[in-house]
Structure formats: structure tokens, C-alpha cells
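Below: one structure, written as C-alpha cells.
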Amino acid sequence: MGVWRLRVHSSFAAAHQILHYGGPCEALHGHNFAVTVEVEGNVLDPKTGMLMDFKILKGHLAAVLAELDHTHINTLPQFAGHSPSSERLAQYIFQCLARRLEGGTVRLVGVRVAESPGSEAEYREG
């Protein structure tokens, strides 16, 4: 049986500080974070021929990113006491999206967060 994978891309702007880093990234600084989400499934809707409407997946992602956009991420309760690295952001976005997609026809495969071109972190669950 075949598997289809869909990817959507979005972005958000936010500030953060990497705790215990010992370098310039420990100071408050910001990024335009680029986010890529990948889902998969093996059943297409017989009427539309789609695995999932891109618009719906983008809507779920937009709702999650709205919580992070134009914030100082360190001050958000979900990151209290933790360094909001790209790795932790990818994990947080994954967990939020997984809850939103639960019970649907697709499985969340992974979330990538890039803080600059060429530097990205990906989170997947085993």
C-alpha cells in the first residue's frame, strides 16, 4: 500500500534567549523562524482525491504559530525554565499539532524549525 506525504511551510517572528549558552545567543535576540510540517497517510478522500486539504493543515499550523508569533518566547509558560532552542520549538509545535490532528486521517511525521537559512532543527516521534 502506498503512502502520501504532504508538507506545508509557514513562519513566525519572535525573540528568545538561549539559556546557559555562554555566548552571544544568550542575549535577547530575534529570528524569523521558518516552519515546515510533514504529515502522511495512505487513504485519499474518494471525492477530492486529497489526503488532506492543504488549507486545513495550514490553518492548524497557523493557530499553533499564533501563540508564538511576536513574543519573547522565554516568557511563555510552556517554556518556563527551559531554553527555547529551535529543537524545543520544533518539539512544542509537533506536540500541539499532534493534538489538533488526533483522530484524523493523517499522521504527523515531523516538524522542522529554521532560525536562519541553512540552520534547522527537526523533531519526530519514534
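Just so you know, all these numbers are worked out from the coordinates, no wet-lab data involved. Just so we're clear, the structure is a prediction, and the values are computed from it rather than from any experiment. Here the Cβ is made from the backbone with ideal geometry for all residues, glycine too, and neighbour counts use every protein chain on show.
Some points to look at:
- Compared with the alpha-carbon gap, the fully stretched path from C25 to M50 is longer by 4.8 nm at 0.36 nm per residue.
- A crude spin-label estimate for the pair E102 and A66, with each label 7 Å from Cα along the Cβ direction, gives 2.0 nm.
- Computed over the alpha carbons of region 56-111, Rg followed by Dmax gives 11.9, 35 Å.
- Using θ = phi - 60° in the Karplus curve 6.51 cos²θ - 1.76 cosθ + 1.60, the 3J(HN,Hα) couplings for region 26-35 round to 6, 7, 4, 8, x, 9, 9, 6, 9, 10 Hz; x is entered for Gly and Pro.
- Rounded to the nearest 10 degrees, the angle from helix 86-101 to the longest Cα principal axis of the chain is 30 degrees.
- Summed side-chain charge close to V39 - residues other than V39 whose Cβ falls under 15 Å, Lys, Arg +1, Asp, Glu -1: +2
- Computed [θ] at 222 nm, helices only, for the chain once each DSSP H run of length n ≥ 4 contributes -39500 (n - 2.57): -7500 deg cm²/dmol
- Listed residues D53, D69, D45, most fluctuating in the chain (Gaussian network, C-alpha, under 10 Å): D45
- With respect to the chain, whose longest principal axis is taken over its alpha-carbon atoms, helix 54-66 is tilted by about 20°.
- Most mobile listed residue (S83, S116, S11) in the chain, GNM with C-alpha springs under 10 Å: S116
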